[in-house]
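The values are calculated or read from the model by the stated rules, or taken from the named source; none is laboratory data. Keep in mind it's a predicted model, so treat the numbers as computed, not measured. Neighbour counts run over all protein chains shown; Cβ positions are idealised from the backbone, glycine included.
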Amino acid sequence: MKPPTNSEKNIYQALKRIFLLALPYRGRLIAALVASMLGSLLWLAIPLGLRELIDAVFDQGNRQLLNLLTLGLIVLFVVQTVLGFAGSYILDWIGERIITDLRMKLYRHLHRLGLRFYSGQRLGEITSRLTNDVASVRNAATGTLAEALTQTIGLVGSVGLMVLLNWRLSLVIFVTVPVISLATRYFGSKIRTLSRQVQDRLADTTAVAEETLGAIRAVKSFAREPYEIERYNASTETLFNTARKRVLLSNLFWSAVGIVFMMTMILIFWFGGTEVLAGRLTAGDLVAFIFYAFNIARSVGGMSRIYTTFNTAAGASERIFDLLDQVPEIDDKAGAVELPAISGRVEFRDVCFAYEQSQPILHDISLTAEPGEVIALVGPSGAGKTTLLNLLPRFYDVDSGGIYIDGHDIRAVTQKSLRNQIAVVPQEVHLFGTSILENIRYGRLDASMDDITRAAVAAQAHEFIMEAPDGYNSMVGERGVKLSGGQRQRIAIARAILKNPKILLLDEATSSLDSESEAAVQQALDHLMKNRTSFVIAHRLSTVRNAHRILVLDKGIIVESGTHETLILRNGLYKRLYDIQFNSYDSTNDERVRMSDINK
């Protein structure tokens, strides 16, 4: 016998991991398997009952025995059906429970993975694994276990009873089984490969749809609907062609199996008839034998179907377990402690960082921010400003050096306790497609309505919220599409105020707003930054001037540090950037200039 291939080993490993999920429900599983096994054994007894019934009529002419056997067969059928129902229902329940557990486990794991993982993945691909792939695995995790048991019992039992009835006639069916087994192994490997490809193509199609619909404004503004429709159609056609190959192979397999078994049954009818004529077999024996032959055909066909299902599920489960095997880049260390309530002192000590080893972003960054201090970060695009902020809540870990909050190494405390005391207000605010109320409450889930209202008032958001059709219960639309940019920013600020952090990170929070919105948002930001250690990537001159210190970054290095006035007198990079900015707006004397203009 040939040893299992690497492909088959992968199937066994994947399916083993699926069935391990059933261990918490082992009591139900045992009950279901016992019910299914008893049902299978009763099914094997039915042909023997039919044999006795037929012989009672044709050989003995015993009407009383006929009535008794008929009643017994009815009882046998009912009991077998009840046992089969119980086994199937319990196993289906376990299967649904396993898949639910797997979905929750996968989703929980996705939240543990860091931003570096997501930066290299398409959201549609991840969504497809969470939905389509898990749905494919369900088929292997539900009835297949019971079916494998019942088909095995049916196959072994039928073969044994056939040999007892007539060993010569049994040789006909024994020639068929090895042929089917070899065909199953060959076709199963091919189907598994195609099933994996189908899942990959399905993920690609999902990703195209999600990306396009998520950027529907850009699509419409460039009038690219025909292009995107064609792109989706092309992806869907690729999926269809791959699925067509899998369907073709599956149907070829089942057609071949059908032909082999029909030829076998014809041979059994012919040879069995000659055995009856020769007196070596009764009519009842022949009927029972044919019944067992059909049972073997059903069992082998069922085993082949199970193998095909396992191959399909294995292709999907490989993709799921590839995701589950991703090691979180950022994780709580063993012995990590809760970060206590902090005052907000932040230290960067000789911090170096690179997204890719060959392209370092930050070099030996050292700085200290005292509680309540406002630190502004300016510099050319790509200088490392946003990267520096991303390190503080441990969205990424430093390559060397360390970051300390009130003397605590942030790698030695739990992520949750660290991030609970830090708030981020980015340039592009993400709002959930729920109500304004729920979006603000996201800052503190147990907040009362009074708390939420006070936060909205402080964020200059209460007035426009009350003008909305349903006030705080008004829906914001997908990603906040029903709100203006300034309104979205103020909702985000209200959310940060409600969180009440000690450390605040503002990443270009006003850079894309018009003058009127900027004034309202800036007023809200001034309230938010009171008594908080704040790091501000500055694109507004007013924010830079109000900062306690300005750090000028260039190529990942802090090249200057000081107040606005001292940096102007120093006549360095900041002075040159300021002159470029000031001269660009000298004709209007507009002090609301964008620091982004000097980054170009």
Exercise. Select from segment 156-215 the residues that are of a type in the set (Phe, Trp, Tyr) and either buried (at least 19 other Cβ atoms within 10 Å of the Cβ) or not assigned by TED's automatic domain parsing to the domain that holds Leu48 (or both) and list them in ascending order.
Key: Phe187
Quiz item: Quick check: anything in segment 116-136 closer than 30 Å to Gly284 by Cβ, of a type in the set (A, V, I, L, M, F, W, C) and at pLDDT below 75?
Solution: no
Exercise. Identify all residues within segment 482-507 that are buried (at least 23 other Cβ atoms within 10 Å of the Cβ), without any contact (Cβ under 8 Å) to a residue 40 or more places away in the chain and among the charged types (D, E, K, R); write none if there are none.
Key: Arg490
Exercise. Tell me which of these Ala22 doesn't satisfy, since it passes every other one: (1) at pLDDT below 75; (2) buried (at least 16 other Cβ atoms within 10 Å of the Cβ).
Key: (1)
Self-check item: Hits in segment 86-108 - residues which are among the acidic types (Asp, Glu) and under 22 Å from the mean Cα position of the chain (by Cα)
Solution: Glu96, Asp101
Quiz item: Which helices (runs of 4 or more DSSP H) does segment 395-513 wholly contain that include 3 or more residues that are hydrophobic (A, V, I, L, M, F, W, C) and within 30 Å of Glu370 (Cα to Cα)?
Solution: 449-458, 485-499
Practice problem: Answer yes or no: is there a residue in segment 322-336 that is at pLDDT 70 or above, closer than 30 Å to Ala256 by Cβ and out of contact with any strand residue (DSSP E or B) (no Cβ under 7 Å at 6 or more places or on another chain). | Solution: no
Quiz prompt | Flag for Val175 being modelled with pLDDT under 75 and under 23 Å from Met265 (Cα atoms) | solution = yes
Self-check item: Total residues in segment 109-132, condition farther than 30 Å from Gln415 by Cα and under 9 Å from the mean Cα position of the chain (by Cα)
Solution: 0
Practice problem: Give segment 336-375 a look and list any residue that's surrounded by 13 or more Cβ atoms within 10 Å (Cβ to Cβ), in a strand (DSSP E or B) and small (Gly, Ala, Ser), or say none. | Solution: Ala354, Ala369
Practice problem: Inspect segment 283-294 for any residue being in the same structural domain as Gln151 (by TED's automatic domain parsing), touching a helix residue (DSSP H, G or I) at 6+ places or on another chain (Cβ under 9 Å) and surrounded by fewer than 14 Cβ atoms within 10 Å (Cβ to Cβ) and give the result as yes or no. | Solution: no
Exercise. Would you mind stating whether Ser515 is touching a Leu at 6+ places or on another chain (Cβ under 8 Å), polar (S, T, N, Q) and either closer than 28 Å to Leu418 by Cβ or at pLDDT below 80 (or both)?
Key: no
Exercise. Test Asp409 against the stated conditions and say whether it is in contact with a Gly (Cβ under 8 Å, 6 or more places away or on another chain) and assigned by TED's automatic domain parsing to the domain that holds Gly562.
Key: yes
